[in-house]
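Since the structure comes first, as structure tokens, the remarks are kept for the end.
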Amino acid sequence: MPSDLSLTGAAPAPLRRLLPGQNARRLALLALLLAVSAAPYMTLGSRGNWGFVLPFRGAKLAALVLVGMAVSTSTVLFQTITRNRILTPSIMGFDALYVMILTGAVYLLGGHGVMRLPPTGIFVVNAGLLVLASLALFGTLLGRAGHDLMRMVLTGIIFGTLFRSLTSFLQRMIDPNEFAVIQVGSYARFTQIDTDLLAISAVVLLAAMAAAWAMRHRLDVIALGHDAAINLGEDPRRGQIQALVLIAVMVSVSTALVGPVAFLGLLVVSLARLITPTPYHGVLLPSAGLTAGIVLVGGQTLMERVLALSTPLPVIIDLAGGLVFLILLLKGLRR
Amino acid sequence: MIRIENVSFAHGAAPVLHDISLDIPRGGITALVGANGAGKSTLLSLIARLAPLQGGRIVVDDLEVGACRSDELARKLAILPQTADAAPRLTVRELVGFGRYPYHKGRPGRDDHAKVEAAIAAFELGALADRPLDTLSGGQRQRAQVAMTYAQDTDYVLLDEPLNNLDIAGSRALMQLLQHLAREHGRTIVVVLHDLNYASAYADHLVTMRAGRIAEAGHPTEVVTADMLRDTFGTEAGVHHVNGAPVVLV
Ligand SMILES: Nc1ncnc2c1ncn2[C@@H]1O[C@H](COP(=O)(O)OP(=O)(O)OP(=O)(O)O)[C@@H](O)[C@H]1O
Ligand SMILES: [Mg+2]
């Protein structure tokens, strides 16, 4: 029971919410920023043939934006159904699981066997397996440990380490010649994006994002917790399972395109919560998606075009995101 | 009417409710009292489908709990659980606003905004309306939670120890408001109380629970006796009568 000696006369706390309309204005500003960072990405430092440069860079730009939306949306969904602001699918080992499934396929079928399959087919099967595996692993975890932050963090560390160790174990058993087939490495790469999968990724991702958008009001209610959600007529269990499926699909898309992203999701969603403080997913989802696009496209423009790639962008993102993780964790544990 | 038929419930292997049957009449305030651990919160959470029924049947008017649509029940019955920990970062107005969700499903209309403002006014939360819940005192937060339940505007309202953290003015104001809702608007209020004096002063029916069973039910003047205090609560306390109403000496 909280002690209650100050029913009246408490000092007024600073307003943490924005005025009506202010969130909308900030969303528009974010969209503008994204456009501003996309223009130099498309044009800066190119010599000669525009007919070649624009489609080439356009595909990469589209891939970066898709990855940003997939990572941010899956992170928001995950944080809502687990009711915390620290854990993300990456931290819980979702993308490590995807890499493990892919490596397992190469191990079983052989690199040439996998090469002969169409990349789209591999992607669809992989994504399907990830959905099933994450439902089995995390579906049971959600109901029980949902409120115990420490337990979730430890589970995530154990899962992530387990998947990564199994992956490297499998990789060691794979013929070195076939090893090259595993396109998804153990770190993110934003410069050489696998644009083969761009079309299918875009279709799958847009469908998943539409589903997440359709859930936005239900997510607002599920974020209130089990009892409050049921009282308002929503079934939290059903929403959690649906969100988990969407998360697995979106993680598949981003991992297939650029590899594991580690702390990107945490960084952009934490930023979005600062930029547009709101309990409503109708604002948070677009805000996080735009923020992710800006961080990826703007960061890549800086790295690739302006600074001529002295440090890879993922290193910077993970540094910043890792710092956010530590700060949030320390704050969360102190509370 | 809420009709509870042969309801049993166990937490794991430990039985908590034993074959409970009880009719809670329509209209009026029904107070549910009993020792800690008697099963009051468990019974309330079963009525409000927060936990699935394991045995027996509960019907609210024509809606069978567990079988009817959950959002339909959300427009007929609201519950405030004993430990409501809804997102601490919400402001009071946002929290109260969620009480309207069963009606607008995320798209509040003018009527919804009006009902939210009415709830905020009814619980004197105007000055706190834009404050996040985690900056409020325990009693202020409790008032905000009750205001959300009020905004849900249902025929049946279940409140689990709503007087927690409230001072005497807040407690009396809440009980008077509940009485007004019951008398003037025909609402059915089921409220778990620990203070028997509040129960005798405001309840139309008093139900006592003892170790997972219903012990007594009736008007407070019949139920609140020194014998009941000994049997149900295991404490020897005197009962006096003031203007005909029983008062427990503490
Ligand atoms: N999650 C749980 N797991 C196991 N046992 C539980 C759980 N919740 C409640 N119980 C047990 O069920 C019994 C009834 O609990 P309940 O919360 O319904 O009591 P109550 O009458 O509301 O008590 P109080 O006045 O203290 O709120 C208690 O013996 C309690 O220990
Ligand atoms: Mg209780």
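The values are calculated or read from the model by the stated rules, or taken from the named source; none is laboratory data. Being a predicted model, the structure only gives us computed values, none of them experimental. As a convention, Cβ positions derive from the backbone with ideal geometry for all residues, glycine included, and neighbour counts pool all protein chains shown.
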Residue that is farthest from ligand 1 (Cβ to nearest atom) [pool: residues in region B:1-26 that are part of a loop (DSSP other than H, G, I, E, B) and more than 14 Å from chain A (Cβ to nearest Cβ)]: B:Arg26
Qualifying residue in region A:36-57 (condition: modelled with pLDDT of 85 or more and not polar (S, T, N, Q)): yes
Count - residues of region B:184-197 that are in contact (Cβ under 8 Å) with a residue 12 or more places away in the chain, surrounded by fewer than 23 Cβ atoms within 10 Å (Cβ to Cβ) and more than 16 Å from ligand 2 (Cβ to nearest atom): 3
Residue in region B:58-69 that is within 18 Å of the chain's Cα centre (by Cα) and within 16 Å of ligand 2 (Cβ to nearest atom) present: no
Identity of the residue in region B:1-35, within 15 Å of ligand 2 (Cβ to nearest atom), under 17 Å from the mean Cα position of the chain (by Cα) and closer than 26 Å to A:Ala229 by Cα, that ends up surrounded by the fewest Cβ atoms within 10 Å (Cβ to Cβ): B:Ala31
Any hit, region A:235-251, residues being closer than 29 Å to A:Gln22 by Cβ, in contact with a helix residue (DSSP H, G or I) (Cβ under 7 Å, 6 or more places away or on another chain) and either among the polar types (S, T, N, Q) or not in a helix (DSSP H, G or I) (or both): no
Condition check for A:Ser270: part of a helix (DSSP H, G or I), of a type in the set (Ser, Thr, Tyr) and within 14 Å of chain B (Cβ to nearest Cβ): yes
Residue match in region A:274-282 (condition: within 15 Å of the chain's Cα centre (by Cα) and closer than 25 Å to B:Phe98 by Cα): no
Residue that is surrounded by the fewest Cβ atoms within 10 Å (Cβ to Cβ), among those in region B:62-92 that are more than 9 Å from every other protein chain (Cβ to nearest Cβ) and under 18 Å from A:Asp220 (Cα atoms): B:Pro88
Some residue of region B:156-168 being within 12 Å of another protein chain (Cβ to nearest Cβ), in contact with a His (Cβ under 7 Å, 6 or more places away or on another chain) and not in a strand (DSSP E or B): yes
Qualifying residue in region B:240-248 (condition: assigned to a helix (DSSP H, G or I) and within 24 Å of B:Val190 (Cβ to Cβ)): no
Yes/no for B:Ile29 being in contact with a Leu (Cβ under 8 Å, 6 or more places away or on another chain), within 16 Å of ligand 1 (Cβ to nearest atom) and either in a strand (DSSP E or B) or small (Gly, Ala, Ser) (or both): no
